[in-house]
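Since every read-out is calculated from the coordinates, none of them should be taken as a lab result. From a predicted model like this one, the values you see are computed outputs, not experimental measurements. All Cβ positions, glycine included, derive from the backbone under ideal geometry; neighbour counts span all protein chains shown.
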Amino acid sequence: MRLRSSGPSPFGRKIKIAARHLGLMDRIEVIATSTEDPADPVRSDNPLGKIPVLILDDGRTVYDSRVILETLDHMAGGDAIIPKDWDARLAALTLQALADGIMDASILVIYEARMRPAELHHEPWVERQRDKIRRGLAALQATPPDLGKLNVGTITTACALGYLDFRKQVDWRKDYPGLIGWLDAFRAKTGAYDETTPH
Ligand SMILES: N[C@@H](CCC(=O)N[C@@H](CS)C(=O)NCC(=O)O)C(=O)O
């Protein structure tokens, strides 16, 4: 299989952590992808032009990160990173939605600076995105996710914190210190987090 992704992509990191954790990474070749290059083939694999995209051995293309994780869970026999038990499943999927939302807002903060001319930069809109990040982090700190068995929710939460460490949209370590121990505990559970740190 081939995975279109980039080193810094937090959504791509979800896939890399999950694939390593499930022992599937040796079946995946990572193809460096630039979503900003109009000539990059990613746009023919995913009309949205977004990464990650997983290209299966039979040629089917799978996106977005949630569906790819669903696919990896299926390949690992099911109940691997997406719990079968309904209550646990609901909690994991909702946590994934929250952490994905933090990453969406975090990416928009970066894109505002990178993609829009400085004279069009609109600070209230950026603050609105930062507020989403802060509310998300506050919710996570208030009820730290259970780390018993890694799942799509906890993997995505770790990626969200890692992306904020990398791009520094907010200083979560100062403002939400209760999450520092959580991330350390996640890292202790799987080497895949440190192996996929963006540089
Ligand atoms: N919902 C998507 C979000 C993916 C996403 O936003 N990826 C970013 C890079 S981390 C991207 O491709 N951005 C390019 C663009 O929005 O055009 C997922 O879960 O995979």
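May I ask you to derive the relative contact order of the range 2-75, considering only C-alpha pairs under 8 Å and at least 6 residues apart, and to give it as an integer percent?
It rounds to 37 percent for the range 2-75.
ASP104 to SER34: FRET efficiency via 1/(1 + (r/R0)^6), r the Cβ-Cβ distance, R0 22 Å, to the nearest 0.05?
The calculated FRET efficiency here is 0.65.
Can you give me the convex hull volume of the Cα atoms of the range 2-75, divided per residue and expressed in Å³?
81
Rounded to whole Å and sorted largest first, what semi-axes of the equivalent ellipsoid does the C-alpha gyration tensor of the range 36-78 yield via the square root of 5 times each eigenvalue?
Semi-axes from the Cα gyration tensor: 23, 11, 6 Å.
Which translational diffusion coefficient, to the nearest whole µm²/s, is obtained for the chain from the Stokes-Einstein equation, given a Kirkwood hydrodynamic radius over C-alpha pairs, 37 °C and 0.692 mPa s?
The estimated diffusion coefficient comes to 189 µm²/s.
In deg cm²/dmol and to the nearest 500, what is the mean residue ellipticity at 222 nm of the chain if only DSSP H runs of at least 4 residues count, each as -39500 (n - 2.57), divided by the residue total?
Theoretical 222 nm ellipticity from helices: -18000 deg cm²/dmol.
In nm, to one decimal, how far is the modelled label at ARG173 from the one at HIS199, with both set 7 Å along Cα→Cβ?
With each label point 7 Å from Cα toward Cβ, the separation is 1.9 nm.
Residue-wise, which Karplus ³J(HN,Hα) couplings in Hz belong to the range 50-55, taking 6.51 cos²θ - 1.76 cosθ + 1.60, θ = phi - 60°, and x for glycine or proline?
Taking θ as phi minus 60°, the curve returns 10, 10, x, 10, 10, 9 Hz for the range 50-55.
Given springs between every Cα pair under 10 Å in a Gaussian network model of the chain, which of ALA160, ALA113, ALA91 has the largest fluctuation?
Evaluated over the chain, the most mobile residue of the options is ALA113.
Using the Cα centre as the reference, give the magnitude of the dipole from point charges on the C-beta atoms of the range 70-112 (Lys, Arg: +1; Asp, Glu: -1; all else neutral), rounded to the nearest 20 debye.
I would put it at about 80 debye.
Given the options PRO8, LEU48, VAL30, identify the residue whose Cα lies farthest towards the positive end of the charge dipole of the chain (+1 on Cβ of Lys, Arg; -1 on Cβ of Asp, Glu).
PRO8
Which one, THR154, GLN141, LEU108, projects farthest toward the positive side of the charge dipole computed for the range 86-190 from Cβ point charges (K/R +1, D/E -1)?
THR154
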